[in-house]
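As structure tokens, the structure follows; a few thoughts come after it.
The values are calculated or read from the model by the stated rules, or taken from the named source; none is laboratory data. Fair warning: this is a prediction, and the values are worked out from it, not measured in the lab. Don't worry about glycine lacking a Cβ; one is built from the backbone with ideal geometry, like all the others, and counts go over all protein chains shown. Surface areas here come from the heavy atoms of the whole protein model, side chains and all, with no ligands, DNA or RNA. Shrake-Rupley method; radii C 1.70, N 1.55, O 1.52, S 1.80 Å.
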Amino acid sequence: DEMRECIDRCQTCQETCLDVITHCLEKGGEHADAEHIRMLMVCAEIRGTSARFMLLGSPYHTRTCEVCADVCQACAEDCDRFDDDMMKHCADVCRRCAEACREMAATRSRA
């Protein structure tokens, strides 16, 4: 089921971003830059919101998924600038979430 897959990716991605925040704060330096940490926090937040909207069967889930896809893509690009395995993993998870959310957002135009 397309929605279940999207929910799972959102939840996995949310957990990954929260783990990466701790990683970045422990590494310090550029990893702990306020804008980077803010991006990870915003990304985790919108994923949780999108997952909850889908779980609740909200008719607005396509709109939250659209925003989630944009934020996930931006977070992936932000994480890609680091030469760090955990950051690369986060970028990959963000891209997979963005892809699933784009598909869910597109259901609005098909409905």
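So how many residues does segment 1-55 have that are aromatic (Phe, Trp, Tyr) and under 10 Å from the mean Cα position of the chain (by Cα)?
We begin by selecting, within segment 1-55, every residue aromatic (Phe, Trp, Tyr); these are 53.
Adding the requirement that they be under 10 Å from the mean Cα position of the chain (by Cα) leaves none.
Total meeting the criteria: 0.
Check off (1) of a type outside the set (Ser, Thr, Tyr); (2) assigned to a helix (DSSP H, G or I); (3) surrounded by fewer than 23 Cβ atoms within 10 Å (Cβ to Cβ) for CYS72 and give me the number that stays unchecked.
Answer for CYS72: the failing condition is (3).
Identify all residues within segment 49-69 that are open to solvent by 100 Å² or more (accessible area, probe 1.4 Å), part of a helix (DSSP H, G or I) and farther than 14 Å from ILE7 by Cα; write none if there are none.
If we filter segment 49-69 for residues that are open to solvent by 100 Å² or more (accessible area, probe 1.4 Å), which is where we start, we get 52, 56, 59-60, 63.
Checking which are part of a helix (DSSP H, G or I) leaves us with 52, 63.
Within segment 49-69, just ARG63 meets the criteria.
From (1) hydroxyl-bearing (Ser, Thr, Tyr); (2) surrounded by fewer than 15 Cβ atoms within 10 Å (Cβ to Cβ); (3) touching a residue at least 12 places away in the same chain (Cβ under 8 Å), pick out the condition that doesn't hold for THR22.
In the conditions (1) hydroxyl-bearing (Ser, Thr, Tyr); (2) surrounded by fewer than 15 Cβ atoms within 10 Å (Cβ to Cβ); (3) touching a residue at least 12 places away in the same chain (Cβ under 8 Å), THR22 misses (3) alone.
Looking at segment 56-65, is at least one residue in contact with a helix residue (DSSP H, G or I) (Cβ under 9 Å, 6 or more places away or on another chain), at pLDDT 95 or above, within 30 Å of THR107 (Cβ to Cβ) and among the hydrophobic types (A, V, I, L, M, F, W, C)?
Yes; the residues of segment 56-65 include at least one that is in contact with a helix residue (DSSP H, G or I) (Cβ under 9 Å, 6 or more places away or on another chain), at pLDDT 95 or above, within 30 Å of THR107 (Cβ to Cβ) and among the hydrophobic types (A, V, I, L, M, F, W, C).
Being without any contact (Cβ under 8 Å) to a residue 24 or more places away in the chain, open to solvent by 10 Å² or more (accessible area, probe 1.4 Å) and either in contact with a strand residue (DSSP E or B) (Cβ under 8 Å, 6 or more places away or on another chain) or assigned to a helix (DSSP H, G or I) (or both) is the requirement here; does ARG96 meet it?
Values: without any contact (Cβ under 8 Å) to a residue 24 or more places away in the chain: no; open to solvent by 10 Å² or more (accessible area, probe 1.4 Å): yes; either in contact with a strand residue (DSSP E or B) (Cβ under 8 Å, 6 or more places away or on another chain) or assigned to a helix (DSSP H, G or I) (or both): yes.
When the stated conditions are applied, ARG96 does not pass them.
Read through the list (1) modelled with pLDDT of 95 or more; (2) surrounded by 15 or more Cβ atoms within 10 Å (Cβ to Cβ), then give the number of the only condition that MET104 fails.
So the condition that MET104 fails would be (1).
Can you find a residue that is buried (at least 18 other Cβ atoms within 10 Å of the Cβ), in contact with a Phe, Trp or Tyr (Cβ under 7 Å, 6 or more places away or on another chain) and in a helix (DSSP H, G or I) anywhere in segment 76-89?
no
From GLU35, GLU45, which residue is open to solvent by 30 Å² or more (accessible area, probe 1.4 Å), within 19 Å of HIS89 (Cα to Cα), assigned to a helix (DSSP H, G or I) and acidic (Asp, Glu)? Don't jump to the end; show me each part of the working.
Values: GLU35 fails: within 19 Å of HIS89 (Cα to Cα).
Step by step, each of GLU35, GLU45 is checked, and only GLU45 is open to solvent by 30 Å² or more (accessible area, probe 1.4 Å), within 19 Å of HIS89 (Cα to Cα), assigned to a helix (DSSP H, G or I) and acidic (Asp, Glu).
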